[in-house]
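Novice: Following this message is one structure expressed as structure tokens.
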Amino acid sequence: MNRNFHALCAKLFIVFGIIMLAVIACRAPHNTAAATSGYTHRRLLLRDEGISQLALVDLQDSSANWYVPVPVGRDVQLVGNNRVLIGTANGYQEHDLTNGKKLVEVTRYPGTVAARRLRNGHTLLTGVNWQGKKGIVLIETGAGGDSLRSYVYPGFDYVRLVRETKNGNFLVTANNYVFEGDRNGAILWKAMIGDAEKMHAWQALRLANGQTVVSTGYAKTLAFFSADGKLVDTVTGPATVHPNFFAGFQRLHNGNYVVANWQGHGTTNGALGRQVLEYDKAGRLVWSWQQDARHFSSLHNAIILDELDLTVLQAEDADGKLAPVAVPQQ
């Protein structure tokens, strides 16, 4: 009887141990980047507005990191041949992705707000009340920086980033509006983001379901608008990451969104918030990155490089995801 009692106790102890291991496993924090994204983020391309810097951070090999000062400006794009394009206040620059070295610079367009490489290989520059024209002005430039043609949308006094749609139109953020304009200057679609003082819409992407997703600046959301311009959903939070201003964002191949959570002007914001956030399609925060305050202040662009071909131009496809583009011979 004593042996049976000890055997029973041993069995109960084993069962109890299995239950406790299961409970611990359930409570243990998950590696959400690996579990939800389908891969672990490794390399981040980052533009810091606070200290006017372009940087590459390798989360597995810090010896590959680089940090280079750049002029004030907006937007970041992978343009092939292991190069990155950035807009400046006078035009644009191209930098080597392996070390950050500046390779190309065009400075003949003072007043430039942002720059974007088009699918035809030309570079689109953005400004307001600019180049002798009123409203939002887009200048398409050739390989040497020469102006080829312009597109004008009157009646606006503010612009941030522009994205070329799959059908060749332009999605433009204009403070508390986002609109789609064609190459004849006609506005084909428009949605109101909200109060101009609380918004400062930054970037927009068109999705395959007809919705348009917009990073809303001080509203600190990704906002989704239907084809008829109605707000259908927003994504933000939680408070622990200190949402402040949602700026440049990327749609990953799995449908998740990575957004730069800008924390304010100036050089001393590096300890504020988590400045790279990833949300899944249900709007849940599944991954975030805590920047090193010794190297960063306030990010306004972030691109995850891991799943992208850096040897070719990358532009948004019909579902808002970065995809390789075969640029025609100039």
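The values are calculated or read from the model by the stated rules, or taken from the named source; none is laboratory data. None of the values given here were measured: they were computed from a predicted structure. Here the Cβ positions follow ideal geometry from the backbone for every residue, glycine too, while neighbour counts run over all protein chains shown.
Novice: Hey, could you check region 156-167 for residues that are surrounded by fewer than 22 Cβ atoms within 10 Å (Cβ to Cβ), of a type outside the set (D, E, K, R) and in contact (Cβ under 8 Å) with a residue 24 or more places away in the chain and say which is nearest to Asp228 (Cα to Cα)?
Specialist: Top of the filtered list is Thr165.
Novice: Taking the condition surrounded by 12 or more Cβ atoms within 10 Å (Cβ to Cβ) and either touching a Ser or Thr at 6+ places or on another chain (Cβ under 9 Å) or modelled with pLDDT of 95 or more (or both), does Val72 pass?
Specialist: no
Novice: Are there any pairs, at least 6 apart or on different chains, whose C-beta atoms fall under 6 Å, with the first in region 188-214 and farther than 18 Å from Ala323 by Cβ and the second basic (Lys, Arg) and part of a loop (DSSP other than H, G, I, E, B), and if so, which?
Specialist: Final answer for the pair search is Trp202/Arg160.
Novice: Here is a follow-up. For region 81-92, state whether one or more residues are surrounded by fewer than 23 Cβ atoms within 10 Å (Cβ to Cβ), touching a Leu at 6+ places or on another chain (Cβ under 9 Å) and part of a loop (DSSP other than H, G, I, E, B).
Specialist: So far as region 81-92 goes, yes, one or more of its residues are surrounded by fewer than 23 Cβ atoms within 10 Å (Cβ to Cβ), touching a Leu at 6+ places or on another chain (Cβ under 9 Å) and part of a loop (DSSP other than H, G, I, E, B).
Novice: Check off (1) surrounded by fewer than 18 Cβ atoms within 10 Å (Cβ to Cβ); (2) closer than 30 Å to Asp146 by Cα; (3) out of contact with any Pro (no Cβ under 6 Å at 6 or more places or on another chain) for Leu322 and give me the number that stays unchecked.
Specialist: So Leu322 meets the others, but not (1).
Novice: Could you tell me whether any residue of region 37-51 is more than 30 Å from Thr268 (Cβ to Cβ), in a helix (DSSP H, G or I), over 24 Å from the mean Cα position of the chain (by Cα) and modelled with pLDDT under 95? Before you say what the answer is, go through the steps one by one.
Specialist: Applying the first criterion (more than 30 Å from Thr268 (Cβ to Cβ)) to region 37-51 yields 37-40.
From what is left, the residues that are in a helix (DSSP H, G or I) are 37.
Imposing the further condition that a residue be over 24 Å from the mean Cα position of the chain (by Cα) reduces the set to none.
Scanning region 37-51 turns up no residue that is more than 30 Å from Thr268 (Cβ to Cβ), in a helix (DSSP H, G or I), over 24 Å from the mean Cα position of the chain (by Cα) and modelled with pLDDT under 95.
Novice: Could you list all residues from region 110-151 that are in a strand (DSSP E or B), loosely packed, with under 15 Cβ neighbours inside 10 Å and aliphatic (A, V, I, L, M)?
Specialist: Scanning region 110-151 gives a single hit, Leu148.
Novice: Let me ask you something else. Pull up region 177-199, narrow it to residues that are within 19 Å of the chain's Cα centre (by Cα) and in a loop (DSSP other than H, G, I, E, B), then point me to the one that is surrounded by the most Cβ atoms within 10 Å (Cβ to Cβ).
Specialist: Going through the qualifying residues, I end up with Ile193.
Novice: If you check Trp289 against the conditions, is it touching a His at 6+ places or on another chain (Cβ under 7 Å), buried (at least 20 other Cβ atoms within 10 Å of the Cβ) and in contact (Cβ under 8 Å) with a residue 60 or more places away in the chain?
Specialist: No; evaluated as a whole, the condition is false for this residue.
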